[in-house]
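Here is the structure we will look at, set down as structure tokens.
Every read-out reported here was derived from the displayed coordinates using simple, explicitly stated rules and does not represent laboratory data. Everything quoted here is computed from the prediction, not taken from an experiment. For neighbour counting, all protein chains shown are included, and Cβ atoms are generated from backbone atoms with ideal geometry for every residue, glycine included.
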Amino acid sequence: MEGAPVGRSRILPRIFLVLMCLVYFTPFFQMITTSLKGSKELMLVPPTIFPRVPIWKNYVDAVNYIPFLRFFMNSVILTAGVTIGAIISNSII
């Protein structure tokens, strides 16, 4: 049917889904924007939504503060071991 009207029963669920997506996305948005702020801007009242000047060095500092490469390799080894173990044990069953 060409040009069939979209009823209220099809629009309301879509509006609800879009609102729920926004609710779900809000903490990630806040986390990213906060990570790009400087120390002084974090303490401003009222808080700013977007950083005035994004400070990308915060990510470099975070990676250098912890042994990131070691933690990453531990995760890779653990994931590979679990995956190989699951493949072997599931193929036996």
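Below are the figures for this structure:
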{"quantity": "Debye, to nearest 20: dipole size of the chain, +1 on Lys, Arg Cβ, -1 on Asp, Glu Cβ", "calculated": "220 debye"}
{"quantity": "The chain: DSSP helices with Cα axial extent of at least 30 Å and average Kyte-Doolittle hydropathy no lower than -0.5", "calculated": "8-35, 68-92"}
{"quantity": "Cut-off 20 Å (backbone N to label point 7 Å along Cα→Cβ of residue 86), residues of the stretch 57-74", "calculated": "72-74"}
{"quantity": "Whole-number percent relative contact order across the chain, with pairs defined as alpha carbons under 8 Å at least 6 apart", "calculated": "17 percent"}
{"quantity": "Which labelled figure in [x] 14.1; [y] 5.6; [z] 6.6 is mean projected area of the Cα convex hull in nm², once derived from the coordinates", "calculated": "[x]"}
{"quantity": "Packing rank of 79-91, 27-39, where each peptide gets the mean count of other beta carbons within 10 Å, highest leading", "calculated": "27-39, 79-91"}
